[in-house]
Every structure is written in C-alpha cells, then in structure tokens.
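In what follows, a structure is listed as structure tokens, so that the remarks can point back to it.
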Amino acid sequence: MTENTLNIDFAGQDAVIPFQVEPLDVRGRAVQLGPMLDTILDRHNYPEPVSRLLAETVVLTVLLGTALKFDGKFILQTQTDGPVSMIVTDFTTPGSVRAYARYDADAVAALQTPDPIALLGKGTLAMTIDQGEYTQRYQGIVQLDGVGLEEVARRYFKQSEQIPTEVRIAVGEVLTRNEGSSPRHNWTASGVLLQFLPDSTERMRQKDLHGGDGANEDNDFQEDDAWAEAQALMNTIEDVELTDTAVEPERLLYRLFHEHGVRVFDGTKVSDNCSCSEKKVRNVLSGLSSEERAESVEAEQISVTCEFCSSTYIFDPASF
C-alpha cells in the first residue's frame, strides 16, 4: 500500500480488513468496532469493567472467526472462578456476531483493580470451530492462569497450529455531543492480529519447550529476522492509536508497514445478529420431558429469554 492508496475509501468501523506484508512473510487482519459493539453492550447494561472485557473478547472473536474459509461458526467461551464466570462470543460466517457475559455484580464492584485478569480469575478458554451438522467440531483449550486475552491468543496458535502469532487489542470510550442534546457514550474497540507464514516451514519453527532445569537457556536459538522485525513493529502500537476513531485500520497498517509495502484487501462487514428464533426455542422446549416443561411454567406460561440478545419468547404450555 503506497501513500496514494490512502485516498481510497476506507472500510470504516465494523469491518475486518485482511492484509499482507510480503517482504516480511506476514499476514493478518485488523478491525475497529463501533456501532455494532455499542448495540451488544448497551443491550445488557453491564458494569463498565465487564463491558470492556466483553468488548475485548468480541474483537478477538471477529479477528479469528473471519479467518474461516467455509460456512460455519467460531465460538469463544470462558469458564473461570473470577467475578466474570462465563463469557460466550460467537461468529457465524460471513459476519454475524453475538456475545454475552455472566458476572457477579458485587464481586466486580469489590475489585480494587478490575482489569481483565482480575475479572476472569483462573479457568479455561475454549475456542471451537463448528462446520455444521454431520461434521466434527474442532476445539482448542487454553488455560487462563493470570494472563490477558492477547497472550491467550498467542498460546492458542502456538499450541494448536504452531503458527507464530502476535495480537494487539484495546478498548476505549468516546463521548459525542450533538447540539441541543446531552452527551452520548459510545464504545470503540480495535485489534490487529499478525501471523508469520513463510513458504518454508522450517523458518516458522518455534523453540521447543525445555523439559528440565535449563528452560529458557537455549542461547543457540535464533528467531527469524523477518518475524522479529514484524513483532517489533507491532510492539510500537499504542492503545490510543487503536481506540482513536480518526485512525482507521488502514492508516495504522500504513504507519506500521509502509517501508515494506502492505497490501490490504476488501473488508468483511460484521454485525450484531443473534441466531435465536421462536421456532428454535420451541424445538428446544419440545425436546424436554413434560415434567421438565412443567417446572418452567410460571403464571400459566413458559417464558424464555435469550442471553445473547435479550429477546423473550412466550409459550402456552398446552401447545406442546
């Protein structure tokens, strides 16, 4: 991407942009979320720290989910002992996203430093790829042991696919004021995922973990120069760059890689789009025993609320 190409139309918010830097043998995706994220977070009225954490997981989910080359679903789910005991975000091709969090409001409020590590506590994060009916799911599980989501993504790719990966994610708040109205609060969250994918697989081999007392003492290991440079460039990204709505992902990519030439491709729009429906909920209820359905009856009706989109479906027990 040359300086002149910055005059083209930008993909804008809520679009995942694939890119490639051929001289460094790296490729990746970048995204800046705005209105779509507002819709998800405003629907649930989460405490501010929980909203930030869920926003991070949504960014990571769309960065990973848009890599799918087939019709399917990418699901990210945490199960931990922290104040935010569960997060579920899923991406359905080509661009549908939904997300929710379960949390203990009192435990969140009691935290002196409500950062993602404290909110999550210890547990597991599962990343699942579902290609639909009649196919086997693939699932990778990463331990959450005092690390953030960026490090989780690095570990996931190192363990499951042996692909050197770097991730940067940041979440910010924006106050906008229209004349004659009170300020409006908006969320913005952005991320960049970078992977080292040279033609030679030997070039992308990472150091094996040492099994004895000599861990981290393998001085003979030399990381590939191209990947080392790409990582160094990624480390120059500041949170303010990612959360500034005036710095589109294309501008950030140009700032990072213009000396080598960065090629960007058409973006994939993502939107808040829950897959629940009255028919699907009815099918689930129909699969329950009459005794189980009877336990769900209140005021002579069965009420089911979707945890993702908060839609409520009302059923007459006699209709089953």
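The values are calculated or read from the model by the stated rules, or taken from the named source; none is laboratory data. Owing to the predicted nature of the structure, the values given are computational and were not obtained by experimental measurement. Here Cβ is always computed from backbone atoms with ideal geometry, including for glycine, and neighbour counts include all displayed protein chains.
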Practice item. Identify the single condition in (1) over 17 Å from the mean Cα position of the chain (by Cα); (2) of a type in the set (D, E, K, R); (3) within 21 Å of Thr124 (Cβ to Cβ) that Glu48 does not satisfy, given that it satisfies every other one. Key: (3)
Check your understanding: What are the residues in the stretch 281-304 that are surrounded by 12 or more Cβ atoms within 10 Å (Cβ to Cβ) and either under 30 Å from Thr93 (Cα atoms) or among the aliphatic types (A, V, I, L, M) (or both), if any?
Key -> Val281, Arg282, Leu285, Leu288, Val297, Ile302, Ser303, Val304
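Being in contact with a Pro (Cβ under 6 Å, 6 or more places away or on another chain) and more than 16 Å from Asp9 (Cβ to Cβ) is the filter here; which residues of the stretch 244-292 pass it?
Correct list: His260 only.
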Practice item. Please work out if Ala126 is of a type in the set (Gly, Ala, Ser) and under 17 Å from the mean Cα position of the chain (by Cα). Key: yes
Review point. If Met204 satisfies every condition in (1) within 30 Å of Tyr103 (Cβ to Cβ); (2) of a type outside the set (Phe, Trp, Tyr); (3) in contact with a strand residue (DSSP E or B) (Cβ under 6 Å, 6 or more places away or on another chain); (4) at pLDDT below 90 but one, which is the exception?
Key: (1)
Check your understanding: Taking the stretch 49-73, which residues are touching a residue at least 24 places away in the same chain (Cβ under 8 Å) and not aliphatic (A, V, I, L, M)?
Key -> Pro49, Ser51, Arg52, Glu56, Thr57, Thr61, Gly65, Thr66, Phe70, Asp71, Gly72, Lys73
Check your understanding: On the given criteria, is Leu149 surrounded by 13 or more Cβ atoms within 10 Å (Cβ to Cβ) and either within 30 Å of Leu41 (Cα to Cα) or modelled with pLDDT under 85 (or both)?
Key -> yes
Check your understanding: How about the stretch 77-91: which of its residues are among the polar types (S, T, N, Q), without any contact (Cβ under 8 Å) to a residue 40 or more places away in the chain and surrounded by fewer than 20 Cβ atoms within 10 Å (Cβ to Cβ)?
Key -> Ser85
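Regarding Lys69, is this residue among the charged types (D, E, K, R) and surrounded by 17 or more Cβ atoms within 10 Å (Cβ to Cβ)?
Criteria not met by Lys69.
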**Study point:** Residue selected from the stretch 144-165 under the condition assigned to a strand (DSSP E or B) and either out of contact with any Gly (no Cβ under 8 Å at 6 or more places or on another chain) or aromatic (Phe, Trp, Tyr) (or both), by the criterion nearest to Arg29 (Cα to Cα)
**Key:** Thr165
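Being in contact (Cβ under 8 Å) with a residue 60 or more places away in the chain, out of contact with any Gly (no Cβ under 8 Å at 6 or more places or on another chain), surrounded by fewer than 16 Cβ atoms within 10 Å (Cβ to Cβ) and of a type outside the set (Phe, Trp, Tyr) is the requirement here; does Pro94 meet it?
Numbers: in contact (Cβ under 8 Å) with a residue 60 or more places away in the chain: yes; out of contact with any Gly (no Cβ under 8 Å at 6 or more places or on another chain): yes; surrounded by fewer than 16 Cβ atoms within 10 Å (Cβ to Cβ): yes; of a type outside the set (Phe, Trp, Tyr): yes.
Against the criterion (in contact (Cβ under 8 Å) with a residue 60 or more places away in the chain, out of contact with any Gly (no Cβ under 8 Å at 6 or more places or on another chain), surrounded by fewer than 16 Cβ atoms within 10 Å (Cβ to Cβ) and of a type outside the set (Phe, Trp, Tyr)), Pro94 qualifies.
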Point to revise | Filter result (within 26 Å of Asn273 (Cα to Cα) and touching a helix residue (DSSP H, G or I) at 6+ places or on another chain (Cβ under 8 Å)) within the stretch 99-117 | key: Ala99, Tyr100, Ala101, Tyr103, Pro116
